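Please treat every number below as a calculation from the coordinates, not as lab data. Keep in mind that what you see is a predicted model, and the values were worked out from it rather than measured. Cβ coordinates were reconstructed from backbone atoms using ideal geometry, including for glycine residues, and neighbour counts include every protein chain displayed.
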Number of protein chains: 2
Amino acid sequence: MPAALPSFVQLIEVGPREGFQFEGMGDPDRIATHRKVELATALAQTGLRTIQVVSFVSPKAVPQMADAEAVCAALPHVEGVEFTGIYLNDAGLARALAVSGIAIKAELLLSASEAFALRNQRRTFADELAMQRTMADAYRDAGMTIDTANIMAAFGSNMEGDIPVATVLEKIGALIDIAGEAGGAVTHVNLADTMGWANPALVQRVVDAVRSAWPNLRIGLHLHDTRGLAIANVHAALQLGVDRFDTGLGGLGGCPFAGNRGAAGNVATEEVVFLCRELGIETGVDLDALVACAQLAADIVGHPLPGKLLTASLHRPN
Amino acid sequence: MPAALPSFVQLIEVGPREGFQFEGMGDPDRIATHRKVELATALAQTGLRTIQVVSFVSPKAVPQMADAEAVCAALPHVEGVEFTGIYLNDAGLARALAVSGIAIKAELLLSASEAFALRNQRRTFADELAMQRTMADAYRDAGMTIDTANIMAAFGSNMEGDIPVATVLEKIGALIDIAGEAGGAVTHVNLADTMGWANPALVQRVVDAVRSAWPNLRIGLHLHDTRGLAIANVHAALQLGVDRFDTGLGGLGGCPFAGNRGAAGNVATEEVVFLCRELGIETGVDLDALVACAQLAADIVGHPLPGKLLTASLHRPN
């Protein structure tokens, strides 16, 4: 079993973006801009190299991200650390391109659940494809080369139930084509368990299928802990050699559009780092500093976070 | 990887005993006897066959279990379901033997961490061995045959750090000897991660070592979720064919004596049942009924429980 474990795992911290987006639902001013910056600044000292801090989405749909530009303007410059944001359409990308302080990633995004796409973005599969073509053009116009494809709801949907693996492969294939037409080349695919239906066997099935179809694609996972299995899914993926995960400190995050008010957030960054540490896998992250950040995040949101490790002792005498 | 998965997993529900013991710290009257009985009664309808409801321990040390006899007297009789309790010395066993309504288990118990034994029971290793001999005599006097050995702190200790696997084996061996001298035979060993230091690789190392030494012993695990890895440890154990787990609904439980106030509880029963269901493993438990019990438990303790699934939807259209 441990033979396939990677020696190094790359973690993409998405807690500030996903968490504050989720936490602010219904009260956009609850988390002050300067506190978002405070957390991002602290995270930049932990060894995490990529920290997603904002969404450039409609302030009408997600008012709690209306201060995205203000957050970006206040971010520190830290050698070796990039702050990132997300953008779900060309207008969002244009906003992101207009600010300094964040790294723009040329990524495409499709949902494997049409009902989720309709609910989340009010787009059919056809609308989504059209938007990704628009995004691809916009990246090309900005002189950027697409390298990453993201698939949401890759492991199941609250609206449609099981998602056929064939649908996941079809969506990846579509994004590879769109990227290629725009002069890019998809080298990474991120598979998101947006609604928390993954389990270790399903992780293996989907990862195996993607690898069979595209042996050279690097796979990353974005796992929500909605039903408590996220860390088991991470471990199953590690056993398959998967070496890239989106995580949220303290378990911040989740999906406010998943039709599930009680949804827990992301797999907790500090618990993935702890798991990796115990398994002898490097992450480059200072676990004590990260736990302090998770405690800071709990202070900022003003309630306990779902993570367990952030309130436990890390002290072990030997 | 799925080749070794068991087809059926036995779950021992320990949430009522461990959870209410933990929850009531400092306020013994906070959870009324009738509510403990209400939860036990509901759990008896879920398909769980063994439900641990009380501790027969000193009311001075654990005042919130002072109503153990009253709880037992009010338990319903449900065909195929046994309610159980724990007792850490001969006085506790005598109390348990004096009540009806619960099944008495002839089990022995040692800690693999002497510092923990000192803190938890004020016993040295030598004191613990002497007490287990006393317990063995008491079981024999009661006409009972010892069949189970429990090892606490088998995966690490907050006080001593790593626990050598050799120490775990030594403790199991000692209990096998004591049971044999009393006319019993240990057929089951439960390994407890009392302080939440286990990880999937360590689970494999310890399980493999126990199996190498005693190939015919059935192994059960009791995994606390102190640092967020419990469900990954359950999955690792399932991959090894382990088919018996102590669990706590809603994540109730934990160890009030572990020197860690923020300690999370047990791995959540409903999440283990969900994991098993998704992996095609039978547990005999009705997941919807169990989730309703976890919600009842949250109502009884009066605050959210650490489990995730109990607040998520189980509805999947296909």
Notebook entry, point to check: Measuring from a point 7 Å out along Cα→Cβ, what nm distances, shortest first, does B:A115 have to its partners in the other copies?
Noted result: 5.3
Margin query: Going by Cα centres, segment A:76-121 and segment A:184-249 are how many Å apart?
Written below: 20 Å
Next item on the list: Please tell me the relative contact order of chain A in percent, rounded to the nearest whole number, where contacts are Cα pairs under 8 Å and at least six residues apart.
Entry: 22 percent
Next item on the list: Treat every Asp and Glu Cβ in the protein assembly as shown as -1 and every Lys and Arg Cβ as +1, leave all other atoms uncharged, and give the resulting dipole magnitude about the Cα centre to the nearest 20 debye.
Entry: 120 debye
Check: trypsin sites (Lys or Arg not before Pro), restricted to segment B:62-146: which are DSSP loop and have at most 13 other Cβ atoms within 10 Å?
Finding: B:R122
Check: Quick one: length gained pulling B:R277 to B:A91 fully straight, 0.36 nm per residue minus the C-alpha distance?
Finding: 62.9 nm
Check: Around B:R218, which amide H atoms from residues at least 5 apart in sequence, or from another chain, sit under 5 Å from its own amide H, with H modelled in the peptide plane?
Finding: B:H188, B:V189
Check: Taking the label point 7 Å from Cα in the Cβ direction, how far apart in nm is A:D177 from each other copy of itself, listed shortest first?
Finding: 7.2
Next item on the list: Grab the residue from chain B whose Cβ hugs the B-to-A rotation axis most tightly, plus its distance in whole angstrom.
Entry: B:A232, 2
Item checked: Rough spin-label spacing in nm, given labels placed 7 Å along Cα→Cβ, for B:Q45 and A:L314 -> 4.6 nm
Margin query: Could you tell me what a quarter of the Cα convex hull surface of segment A:106-240 works out to, in nm² with one decimal place?
Written below: 7.5 nm²
Check: So what is Rg over Rh here for the protein assembly as shown, counting just Cα atoms and using Kirkwood for Rh?
Finding: 1.00
Check: Using a basic spin-label model with each label point 7 Å from the Cα along Cα→Cβ, how many nm lie between A:Q10 and B:D208?
Finding: 3.1 nm
Notebook entry, point to check: Which distances, in nm and shortest first, link the A:A42 label point to the same label point in every other copy, taking 7 Å along Cα→Cβ?
Noted result: 3.6
Note to self: Taking θ = phi - 60°, what integer Hz values does the Karplus form 6.51 cos²θ - 1.76 cosθ + 1.60 yield along segment A:60-65, in sequence order, with x for Gly and Pro?
What the structure shows: 6, 6, 10, x, 6, 10
Checklist line | Taking all pairs of distinct alpha-carbon atoms in segment B:2-308, Kirkwood radius in angstrom | finding: 19.2 Å
Item checked: Unit charges on C-beta of K, R, D, E only; dipole of chain B, Debye -> 300 debye
